[in-house]
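Single-structure report; data block below.
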Amino acid sequence: VFMVPDDFMATRLILGGIPAKKIRKNVNPFFVEDYQPSYEQGKFILYIGRLVKQKGIFTLVKAMAQVSLPSPPLYIVGDGEERKKLELMVTELGVQNRVKILGAKWGSEVQQLLRESMFVVIPLEWYDNLPLVLCQAYAMAKPVIASAINGISEYVENEVDGLLFQP
């Protein structure tokens, strides 16, 4: 039996030759009681994830360079093999006063950043099923702006609890 977090992954397995009767949907466990909602406006845009191209982080930073001022800053939480390249891009685009790379954070530090954020952005450019940060954002009552890719549209209803865009 293959356990999948969303219908999207199930359809991919079926297309790959796995019989539908061997696939079961089982969303990854997430304990919402560990989070307290925060309904305050927030001060910044928040990205949480690995710093790799497929997560869409480079496209997000390029977009920040095109946003007219004043705009809230983007806080990037995470680490990864492309961090140096990302830091260089931030400098080359001249957005270091609007894009802050905070490095890896965990637990209560992530919850505090979520609490203080305006919204969470998930700019995926490749499949990622159900990102944990999506669950965390909703548990903290924060809207999500995300790529309409893979199973994300099963969890984000456009213009209801977030916004979806084409990657």
Suppose every K and R has +1 on its Cβ and every D and E has -1 on its Cβ; what is the size of the dipole of the chain about the Cα centre, in Debye to the nearest 20?
420
Separation between the Lys100 and Leu15 pseudo-spin-labels, each 7 Å from Cα along Cα→Cβ, expressed in nm?
4.0
Gyration tensor on Cα atoms of segment 11-87, a ≥ b ≥ c root eigenvalues, a/c under 1.5 rounded, else prolate if a/b beats b/c, else oblate, says oblate
To the nearest 0.05, the calculated FRET efficiency linking Lys62 and Asp161 through their beta-carbon distance, R0 being 22 Å, is 0.25
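Which pairs, out of Lys22/Lys85; Lys25/Lys55; Lys25/Lys85, put more than 30 Å between their alpha-carbon atoms? Can you show the working numbers first?
Values: Lys22/Lys85 42 Å; Lys25/Lys55 24 Å; Lys25/Lys85 37 Å.
Beyond 30 Å: Lys22/Lys85; Lys25/Lys85.
Work out the P(r) tail for segment 74-167: percent of alpha carbon pairs separated by more than 22 Å, whole number. List each step's numbers first, then the result.
Details: 1490 of 4371 pairs.
More than 22 Å apart: 34 percent of the Cα pairs in segment 74-167.
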Who wins for biggest fluctuation among Ile76, Ile152, Ile18 in a Gaussian network model of the chain, springs between alpha carbons below 10 Å?
Ile18
Cα long-axis angle, helix 107-116 against the chain (0 to 90 degrees, to the nearest 10):
70
When only Cα pairs under 8 Å and 6 or more residues apart are kept, what is the percent relative contact order across the chain?
26
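When every alpha-carbon pair in segment 1-153 is counted, what percent end up more than 26 Å apart?
That fraction is 32 percent.
At 1.4 Å probe radius, can you tell me the per residue accessible area of segment 8-64 in Å²? Mind dumping the intermediate values first?
Details: 3670 Å² over 57 residues.
Here the residues of segment 8-64 average 64 Å² of exposed surface.
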Highest GNM mean-square fluctuation, the chain, Cα pairs closer than 10 Å: which of Gly151, Gly107, Gly80?
Gly107
Is the shape of segment 38-78 rounded, prolate or oblate, going by the alpha carbon gyration tensor and its root eigenvalues a ≥ b ≥ c, with a/c under 1.5 for rounded and a/b larger than b/c for prolate?
oblate
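Of the heavy-atom accessible surface of the chain (probe 1.4 angstrom), what whole percent is carbon and sulfur? Provide the component values of the computation, followed by the final result.
Working: 5260 of 9420 Å².
Carbon plus sulfur share of accessible area: 56 percent.
The values are calculated or read from the model by the stated rules, or taken from the named source; none is laboratory data. Not measured: the values here are computed from a predicted model. In this analysis, Cβ positions are derived from the backbone assuming ideal geometry, glycine residues included, and neighbour counts consider all displayed protein chains. The accessibility values were calculated without ligands, DNA or RNA, using every heavy atom of the protein model including side chains. Shrake-Rupley method; radii C 1.70, N 1.55, O 1.52, S 1.80 Å.
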